[in-house]
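Q: Dropping a structure here in structure tokens format, bear with me for questions.
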Amino acid sequence: QVQLVESGGGLVQPGGSLRLSCAASGSIFRINAMGWYRQVPGKGRELVASIPSSSSAYYADSVKGRFTISRDNAQNTVALQMNSLKPEDTAVYYCNAVLSERVNSLYMNYWGKGTLVTVSS
């Protein structure tokens, strides 16, 4: 069974920084893309950043230049460095991985349970 476990959320003042980390474990054959989504109450889940296995990272316009996503393929981890945080970045952040559990099995979406990021003075 695959598990994605996030860490690193918390309370930070506007202009501050936080680093989120996510580790995927369990029955994993291959991971395609890993990424971070966020969600605020009453709204849908929004893609923040993603990093495929063999191409450039994607960033939502709202975080370009402030957030950096990185990935360690050997460790099955993904991190999100968030700088110059704004109150509107406040949300629950979810780790996502598109992976297959076995040879010839379908690639499926897996999610972490989420970590709360609050940007407030």
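The values are calculated or read from the model by the stated rules, or taken from the named source; none is laboratory data. Everything numeric in this text was worked out from a predicted model, so none of it was measured. Neighbour counts are summed over all protein chains in view; Cβ atoms, including those assigned to glycine, are modelled from backbone coordinates with ideal geometry. Keep in mind that these areas ignore ligands, DNA and RNA; they rest on the heavy atoms of the full protein, side chains included. Shrake-Rupley method; radii C 1.70, N 1.55, O 1.52, S 1.80 Å.
Q: Restrict the check to segment 93-109 and report whether at least one residue is out of contact with any Phe, Trp or Tyr (no Cβ under 9 Å at 6 or more places or on another chain) and open to solvent by less than 50 Å² (accessible area, probe 1.4 Å).
A: No: zero hits.
Yes/no per residue for (1) under 15 Å from residue 95 (Cα atoms); (2) in contact with a Gly (Cβ under 6 Å, 6 or more places away or on another chain); (3) open to solvent by 40 Å² or more (accessible area, probe 1.4 Å):
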| residue | (1), (2), (3) |
| --- | --- |
| 21 | yes, yes, yes |
| 25 | yes, no, yes |
| 38 | yes, no, no |
| 43 | no, no, yes |
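Q: At pLDDT 95 or above, touching a strand residue (DSSP E or B) at 6+ places or on another chain (Cβ under 6 Å), among the β-branched types (Val, Ile, Thr) and closer than 22 Å to residue 28 by Cα - does that describe any residue in segment 77-97?
A: Yes: segment 77-97 contains one or more residues that are at pLDDT 95 or above, touching a strand residue (DSSP E or B) at 6+ places or on another chain (Cβ under 6 Å), among the β-branched types (Val, Ile, Thr) and closer than 22 Å to residue 28 by Cα.
Q: Can you pull out every residue in segment 25-73 that is of a type in the set (S, T, N, Q) and touching a residue at least 24 places away in the same chain (Cβ under 8 Å)?
A: Of everything in segment 25-73, those that are of a type in the set (S, T, N, Q) and touching a residue at least 24 places away in the same chain (Cβ under 8 Å) turn out to be 25, 27, 32, 39, 50, 62, 73.
Q: For residues in segment 45-58 being among the hydroxyl-bearing types (Ser, Thr, Tyr) and open to solvent by 50 Å² or more (accessible area, probe 1.4 Å), which is modelled with the highest pLDDT?
A: 58
Q: Okay, moving on. Is it the case that segment 76-87 has a residue that's surrounded by fewer than 16 Cβ atoms within 10 Å (Cβ to Cβ) and without any contact (Cβ under 8 Å) to a residue 60 or more places away in the chain?
A: no
Q: Where the second residue is open to solvent by less than 50 Å² (accessible area, probe 1.4 Å) and assigned to a loop (DSSP other than H, G, I, E, B) and the first is over 13 Å from residue 2 (Cβ atoms) and lies in segment 94-121, which pairs have Cβ atoms under 6 Å and are six or more apart or on separate chains?
A: From segment 94-121, the pairs are 94/112; 94/114; 115/9; 116/9; 117/9; 118/90; 119/85; 119/90.
Q: Tell me, which strands (runs of 3 or more DSSP E) lie completely within segment 1-107 with 1 or more residues that are within 15 Å of residue 119 (Cβ to Cβ) and within 12 Å of the chain's Cα centre (by Cα)?
A: Values: elements: 3-7, 10-12, 18-25, 30-39, 46-51, 67-72, 77-82, 91-100.
Because the criterion is at least 1 residues that are within 15 Å of residue 119 (Cβ to Cβ) and within 12 Å of the chain's Cα centre (by Cα), the strands (runs of 3 or more DSSP E) in segment 1-107 that meet it are 18-25, 30-39, 46-51, 67-72, 77-82, 91-100.
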